[in-house]
Amino acid sequence: MRIEVVTIVRAPRGVCFDLARSVDAHVRSFAHTGERAVAGRTSGLLQLGDEVTWRARHLGLVHRHRARITAFDRPAHFRDTMVAGRFRSFEHDHWFTTVDGATHVRDVLEFRSPAGWLGRLVDRCVLAGHLRRLLQQRAAVLRDEAEAIASAR
């Protein structure tokens, strides 16, 4: 299953890129889930090859999700790929382009649950909407932070 969310941010591309790869900003953007980094890089900026293990409560269950930065081209793109967790596969691409003085942040999430047809049904009926809302909430927090940084300059 594929989800795409585009957010327009009135801040420089580099600021948006660095906030998106910041473990600390990620924790702030998911405060409502209690998400925190519990292993690997637990603070600072993620780089190519870095791993982070997240622990959070989603849909009433506690989840652990370990991801690795598998592509990195600052300030245009990076990808985090699940290396351990509940999904069969989970890749999140973060794209950053400048259009008319604003940064377009495009999140592209591709995921698949285990369990064959039943997993595909859960993906479509439950997880797609939940994950889209999470991406939108995260994007709004990061947008607000990036625009505050840009206006302070």
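The values are calculated or read from the model by the stated rules, or taken from the named source; none is laboratory data. Computed from a prediction, not measured in an experiment: that's the story for all the values here. Neighbour counts run over all protein chains shown; Cβ positions are idealised from the backbone, glycine included. Calculation scope for accessible area: heavy atoms of the full protein, side chains included, ligands and nucleic acids excluded. Shrake-Rupley method; radii C 1.70, N 1.55, O 1.52, S 1.80 Å.
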Comparing R106, R138, R74 in a Gaussian network model of the chain (Cα, 10 Å), the one with the largest mean-square fluctuation is R74
With every protein chain kept in place and a 1.4 Å probe, region 33-119 has an accessible area per residue in Å² of 53
Please work out which option in (1) 54, 46, 23; (2) 64, 37, 27; (3) 49, 30, 28 gives Cα extents along the principal axes in Å calculated from these coordinates, and answer with its label.
(3)
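Using the Cα centre as the reference, give the magnitude of the dipole from point charges on the C-beta atoms of the chain (Lys, Arg: +1; Asp, Glu: -1; all else neutral), rounded to the nearest 20 debye. The partial results should precede the final answer.
On the way: 25 positive and 17 negative charges, 102 e Å.
For the chain, the charge dipole is close to 500 debye.
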Please list, in chain and number order, the residues 5+ apart from D50 or on another chain whose amide H is under 5 Å from its amide H, with Hs placed from the backbone.
I69
Find which of M1, S29, L45 sits farthest along the positive direction of the dipole of the chain, computed with +1 on the beta-carbon of Lys and Arg, -1 on that of Asp and Glu, about the Cα centre.
M1
Taking the chain as the reference, fit the longest principal axis to its C-alpha atoms, fit the long axis of helix 128-152 to the helix C-alpha atoms, and give the angle between the two in degrees, 0 to 90, nearest 10.
20
Work out from phi, with θ = phi - 60° and the Karplus expression 6.51 cos²θ - 1.76 cosθ + 1.60, the ³J(HN,Hα) of each residue of region 13-28, listed in order in whole Hz, and give x for Gly and Pro.
4, x, 5, 4, 4, 5, 5, 5, 9, 7, 4, 5, 5, 4, 4, 4
Rounded to a whole number, what % of the accessible area of the chain do carbon and sulfur atoms account for, probe 1.4 Å?
52
Apply the Karplus curve 6.51 cos²θ - 1.76 cosθ + 1.60, θ = phi - 60°, to the phi angles in region 69-86 and return the couplings in whole Hz, x for Gly and Pro.
7, 10, 8, 7, 9, 5, x, 9, 6, 8, 10, 10, 10, 5, 10, 7, x, 7
Treating region 86-149 as a set of equal point scatterers at the Cα positions, no solvent, please give the Debye-formula log₁₀ I(q)/I(0) at q = 0.14, 0.28 Å⁻¹.
-0.53, -1.22
